[in-house]
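Heads up: the structure comes next, in structure tokens.
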Amino acid sequence: MSAAPVRALALAARAAQPAIAALTPVARRDLLEAMAAQLRAGVAAVLTANREDLARADATGLSAAARDRLRLDAARVEAVARALDAIAAQPDPLGQITRRETRPNGLVVERQRIALGLVAMIYEARPNVTADAAALCLKAGNAVLLRGGSEARASNAAIAACLHAALRGAGLPEAAVSVIGDPAREHVLELLQLSELVDLAIPRGGESLIRFVAEHARVPVIKHYKGVCHLYVDRAADPARALALLLDGKTSRPGVCNAIETLLVHADIAPRFLPAALTALAAHGVEVRGCARTRAYADVVRAAGDDDYAAEFLDLILAVRVVDDLDAALAHIAQYGSDHTEVIVTADVAAAERFVQGTRSAAVMVNASSRFNDGGELGLGAEIGISTTRLHAYGPMGAEALTIERYVVRGQGQTRHPQPPV
């Protein structure tokens, strides 16, 4: 990875961006498909690099959740390549006309999608982000400046080498996907000051990284601090369905931001649901911290406090509360939620609609797992992140979210004011 100064990398990436935006939709598709092919061809080198990162992680005591995000195997690399293919196959967002109307004076007013320009992606132990972010930015006609964490330094370099090979093969500047080689925080700080070069910064990682970016940036930032995701089991829920969604949301991959962190159970269904749920959670090694009514069902449940209900555990730990009704569940979510993902399990259509309207999170799931709040699962191919910032993008961000809309006005010589006679 390049050791060039951050400003020089940003300048080169900015200069490379018009070449990406000028490609035809077919050429952009072909470029991303070539990147997927290069990644498949380079899988051995990527896995060798990842083993180097994992060995360093073991020596430094990286957390289990972070190590899971860092780890690659052949199946995970193939999943990244498939994500690139999926992004390539999507409709091209550039140039799309999202609105057209003719004004009374004959002007035709259009809204047209164009590229943002240069996107800075700042992330930690997630080597797949190197490919996902690059592909999504290029699909939207942007250049991207990648700053990965030190944990994934070798993996990021190996993946970037595959992407650069595809750019070279297409006769395009490698700088369109630029990588900051030194992960030191001072370089992040320098990057965040480049308001004349960087159009958007997207941090993806732990809460401390995201707060650092948000507090120091002089460029626009899209962020989410944490994923405190709730599953609410309504009085009209099917207990078997609720249990399946709970176990998938909590145990399938607890170290991700769309994992369930708090279970809310309607008091009317608690006697039928909680005993079996607590037994199943224990069998999966989940530590449960609950309210007094929850603790009445199992001696092993620890007392939960406010910190537990506000926590993103990223681990096999779950906070549980029995609530009197749907309103109490919504009040709990309003107090402790992070606007990420909420789930309701119910057969009551009216209750489901009240839940949807009563929460403001970026994704609301009705009788579906929280783990579906993911760009790939929602049809975006992949995601560059999940925004809980109420700007132009909210929820998983795909290629379309990396464009902006401008006005194009087509006239026949109309003037706003009467012109004086010549």
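The values are calculated or read from the model by the stated rules, or taken from the named source; none is laboratory data. Here the structure is a predicted model, which is why all the values come from computation and not from measurement. Backbone-built Cβ (ideal geometry, glycine too); neighbour counts: all protein chains shown. In case anyone asks, the SASA skips ligands and DNA or RNA and just uses the protein heavy atoms, side chains included. Shrake-Rupley method; radii C 1.70, N 1.55, O 1.52, S 1.80 Å.
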Flag if Arg371 is farther than 30 Å from Val108 by Cβ, charged (D, E, K, R) and in contact with a Gly (Cβ under 9 Å, 6 or more places away or on another chain):
yes
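Out of the residues in the stretch 137-154 that are within 20 Å of Gln17 (Cβ to Cβ) and assigned to a loop (DSSP other than H, G, I, E, B), state the one that is farthest from the chain's Cα centre (by Cα).
Narrowing the stretch 137-154 to residues within 20 Å of Gln17 (Cβ to Cβ): 137-147.
Keeping just the survivors that are assigned to a loop (DSSP other than H, G, I, E, B) gives 140-142.
Numbers: Ala140: 16, Gly141: 19, Asn142: 18 Å.
So, considering only residues that are within 20 Å of Gln17 (Cβ to Cβ) and assigned to a loop (DSSP other than H, G, I, E, B), the one farthest from the chain's Cα centre (by Cα) is Gly141.
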Could you look through the stretch 352-376, keep only residues that are of a type in the set (Gly, Ala, Ser) and within 20 Å of Arg390 (Cβ to Cβ), and pick out the one that is surrounded by the fewest Cβ atoms within 10 Å (Cβ to Cβ)?
Gly358
Which residues, taken from the stretch 228-258, are touching a His at 6+ places or on another chain (Cβ under 6 Å) and farther than 24 Å from Asp306 by Cα?
Arg235
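Restricting to the stretch 288-304, give me the number of residues that are open to solvent by less than 60 Å² (accessible area, probe 1.4 Å) and either under 17 Å from Lys250 (Cα atoms) or outside any helix (DSSP H, G or I) (or both). Working first, answer last.
So the first thing to find is which residues in the stretch 288-304 are open to solvent by less than 60 Å² (accessible area, probe 1.4 Å), and the list is 288-291, 294, 298, 301, 304.
If we keep only those that are either under 17 Å from Lys250 (Cα atoms) or outside any helix (DSSP H, G or I) (or both) as well, we get 288-291, 298, 301, 304.
Total meeting the criteria: 7.
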Residue check: is Ile317 open to solvent by 20 Å² or more (accessible area, probe 1.4 Å) and closer than 16 Å to His230 by Cα?
yes
So if I check each of Ala49, Ala16, Ala36, which one is crowded, with 16+ Cβ neighbours inside 10 Å and touching a strand residue (DSSP E or B) at 6+ places or on another chain (Cβ under 7 Å)?
Ala16
How about the stretch 384-422: which of its residues are exposed (fewer than 15 other Cβ atoms within 10 Å of the Cβ), β-branched (Val, Ile, Thr) and either modelled with pLDDT of 90 or more or at positive phi (or both)?
Val408, Val409, Thr415
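Which residues, counting only those in the stretch 58-108, are assigned to a strand (DSSP E or B) and more than 29 Å from Val198 (Cα to Cα)? Before the answer, list the steps.
Within the stretch 58-108, the subset assigned to a strand (DSSP E or B) is 97-102, 108.
Across the stretch 58-108, the qualifying residues are Arg100, Glu101, Thr102, Val108.
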So which of Ala12, Ala27, Ala44 is at pLDDT 95 or above, part of a helix (DSSP H, G or I), closer than 19 Å to Leu145 by Cα and of a type in the set (Gly, Ala, Ser)?
Ala12
Output the residue which, of all residues in the stretch 167-209 that are among the basic types (Lys, Arg) and within 29 Å of Ala34 (Cβ to Cβ), is most open to solvent (accessible area, probe 1.4 Å).
Arg168
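Within the stretch 52-84, can you find the residues that are among the acidic types (Asp, Glu) and surrounded by fewer than 19 Cβ atoms within 10 Å (Cβ to Cβ)?
Within the stretch 52-84, Glu52, Asp58, Asp68, Asp73, Glu78 meet the criteria.
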Here is a list of conditions, (1) modelled with pLDDT of 95 or more; (2) open to solvent by less than 10 Å² (accessible area, probe 1.4 Å), and Gly149 meets all of them except one; can you say which number that is?
(1)
Kindly provide the set of residues from the stretch 340-351 that are of a type in the set (Asp, Glu) and open to solvent by 10 Å² or more (accessible area, probe 1.4 Å), ordered by number.
Asp348
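Could you pull out every one of the helices (runs of 4 or more DSSP H) wholly within the stretch 175-260 that has 2 or more residues that are within 20 Å of Val366 (Cβ to Cβ) and in contact (Cβ under 8 Å) with a residue 12 or more places away in the chain?
Numbers: elements: 185-192, 207-216, 239-251.
Once the helices (runs of 4 or more DSSP H) in the stretch 175-260 are filtered for at least 2 residues that are within 20 Å of Val366 (Cβ to Cβ) and in contact (Cβ under 8 Å) with a residue 12 or more places away in the chain, what remains is 239-251.
Regarding the stretch 384-407, can at least one residue be identified that is among the acidic types (Asp, Glu) and in contact with a Gly (Cβ under 7 Å, 6 or more places away or on another chain)?
no
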Any chance Ala157 is assigned to a helix (DSSP H, G or I) and touching a residue at least 24 places away in the same chain (Cβ under 8 Å):
yes
Does Ala115 meet the test of being touching a residue at least 60 places away in the same chain (Cβ under 8 Å), within 18 Å of the chain's Cα centre (by Cα) and farther than 18 Å from Val188 by Cβ?
no
Of the residues that sit in the stretch 374-383 and are at pLDDT below 90 and out of contact with any Gly (no Cβ under 6 Å at 6 or more places or on another chain), which one is nearest to Thr251 (Cα to Cα)?
Gly376
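Name the residue, out of Asp68, Asp58, that is touching a residue at least 40 places away in the same chain (Cβ under 8 Å), of a type in the set (Asp, Glu) and under 30 Å from Phe313 (Cα atoms). Lay out the reasoning, then the answer.
Numbers: Asp58 fails: touching a residue at least 40 places away in the same chain (Cβ under 8 Å).
Exactly one of Asp68, Asp58 is touching a residue at least 40 places away in the same chain (Cβ under 8 Å), of a type in the set (Asp, Glu) and under 30 Å from Phe313 (Cα atoms), namely Asp68.
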